[in-house]
Amino acid sequence: MKQFSLAICAAIFLSACGGSSSVASSTTSGTSGATNGAGVTNASAVFNLPGTPTNVTGIAGDGSVTLNFMAPASDGGATIASYTATCMAGSVSRTISTTSSPVVVTGLLNGTKYRCNVAAVNAAGVGAVSASVELTPVVATAIAIDPSKVPLGDGKFSQTGPAVGYVYTCYSANGGGGASSKGPWFNSDGLTWNSLSKISVQGAVNWTSSFLVSFGSTLGITGNGLPPNPTGTFPIASTDPAYAYDRNPNAIAQANIAWGLPAHPVVADKPRCTGLGAIGVLLDGVRLFNADDGANRDAVAWEIQDACQGHPERTGKYHHHNVSSCLTQKDTPGQHSPLVGYIADGFGLYGNLGENGKALTNADLDECHGHTHMIVVNGVAVNQYHYHQTKEFPYTIGCYKGTPVSIN
């Protein structure tokens, strides 16, 4: 009996004595423990492999694919540390690690079909891979926007969900568009407008501007809402040629900004809709609105702004509907555009040039008008989502990719 008891101890309870047994097994994938005062480690938690990421979708790019996904329902009892995204074509595969969605898998061959999946990773290891999506990278064939024939954005608004080239809104059109009639810069085809011949509100009114961006627990945005450059004269005078098409009766007034945006923005589980009013701020300290004139029409085409593409709304808030040509931040050929503003979800808005100075169109960006790659944020290189300006509707953002804070 004594020998039998010792055998049982060796086979079953050896781990309690600091050893291990080949005849004992476990269905768990890992443990975490704590050390007591006597230096003995006691098991305090048991965890498994994480679950499978869901809702995996993808967009093919030039030598790359962008994968979007949702976190698994179960983390296995341990924090998910990262995700692996793998794209396979035959025996060739390419794997990229990321901490959140979306992830861009680069280094792929254009014209080759890849099967791509995502798996979650915790301290126990790599979980089961998601269902695969098939994507074929292609050489970018973006068509340059002719400034004399800019596609009109009228009606490109949705309340049901986001789409590339649209604005996702939280409201219905109120019929309150600012312009009373079409100007001669609308082309006869009814589908385009000439940005080169559109007139501006006359005048040169100077203002005292204050604006400050600070980095801390939040991204602090403060200012008085007034621009550093001269504006047109508002209300629009009856002697101004613009008055024949847009009789904006509003006067510019100081409208203080005191916002705390997310300092470390993350992509939300789904895109959020935009409202009327401010969606962000440009680096001239002026509020940015979406591309709607209030009647689900293309505000940049219809409404007549001043020479810096700004005008006041009914309470006097001066604002832009696209990126102002008066910003000191300018694109440099062959280089990625500089930061030109911040959106309410904390993500940055950049000019029209992407990686290697490529001029971007809607076809290069997702439904919210952005994408993810390495950029410099506050002096640090990070792989982060960001928005871009384009020369076509919706000009800045189509929806919020992150979770916006309430701004006024």
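The values are calculated or read from the model by the stated rules, or taken from the named source; none is laboratory data. Since this is a predicted model, take the numbers as computed values, not measurements. Note: ideal-geometry Cβ built from the backbone for every residue, glycine included; neighbour counts use all protein chains shown. Heavy atoms of the whole protein, side chains included, go into the accessibility calculation; ligands, DNA and RNA do not. Shrake-Rupley method; radii C 1.70, N 1.55, O 1.52, S 1.80 Å.
Extending 7 Å from the Cα toward the beta-carbon at both Val405 and Ser180 defines two label points whose distance is 4.1 nm. Counted over all Cα-Cα pairs of the stretch 332-371, pairs farther apart than 12 Å make up 58 percent. Residues within the reach of a label modelled at Asp62 (point 7 angstrom out along Cα to beta-carbon, backbone nitrogen below 19 Å), restricted to the stretch 68-105, are 104-105. Can you list the residues of the stretch 191-221 with backbone N under 20 Å from a point 7 Å past the Cα of Thr328, pointing along Cα to Cβ? Answer for the stretch 191-221: 205-215, 220-221.
Restricting to DSSP H runs of at least four residues, report the calculated mean residue ellipticity at 222 nm for the chain, -39500 (n - 2.57) per run over all residues, nearest 500 deg cm²/dmol.
-1000 deg cm²/dmol
Helix 2-12 and the long axis of the chain differ in direction by around 10°, with both axes built from C-alpha atoms. The Rg/Rh ratio of the stretch 235-331, with both radii computed over alpha carbons and Rh defined as the Kirkwood radius, is 1.00.
The figure for Asp269 is an accessible area of roughly 100 square angstrom, using a 1.4 Å probe on the protein chains alone. Taking a Cβ cut-off of under 14 Å around Ile59, the surrounding Lys, Arg, Asp and Glu residues balance to a net charge of -4, with basic ones at +1 and acidic ones at -1.
Just how many % of Cα pairs in the chain lie over 29 Å apart, if you round to the nearest whole percent? Above the 29 Å cut-off, the chain has 53 percent of its Cα pairs.
Each Lys or Arg adds one and each Asp or Glu takes one away; over the other residues whose Cβ falls under 14 Å from the Cβ of Phe157, this sums to -3.
Accessible surface for His336 stands near 50 Å², nearest 10, in the context of the full protein assembly shown (1.4 Å probe). For the pair Ser93 and Ala263, a Förster radius of 41 Å applied to the C-beta separation gives a FRET efficiency near 0.70, rounded to the nearest 0.05. Projecting the Cα positions of Pro137, Ser217, Gln305 onto the charge dipole of the chain (unit charges on Cβ atoms of Lys, Arg, Asp and Glu, taken about the Cα centre) puts Ser217 furthest along the positive direction. Relative contact order, whole percent, for the chain stands at 13, derived from Cα pairs under 8 Å and 6 or more residues apart.
Taking the inverse of the average 1/r across all pairs of different Cα atoms in the stretch 169-257, what Kirkwood radius in Å do you get?
Evaluated on the stretch 169-257, it is 16.2 Å.
Across the alpha-carbon atoms of the stretch 43-188, the computed radius of gyration and Dmax are 21.7, 77 angstrom.
Once the chain from Thr54 to Val126 is taken as fully extended at 0.36 nm per residue, the excess over their C-alpha distance is 24.4 nm.
Would you look at the GNM of the chain, springs on alpha carbons closer than 10 Å, and say which of Ser238, Ser180, Ser82 moves the most? Looking only at Ser238, Ser180, Ser82, the biggest GNM fluctuation is shown by Ser238.
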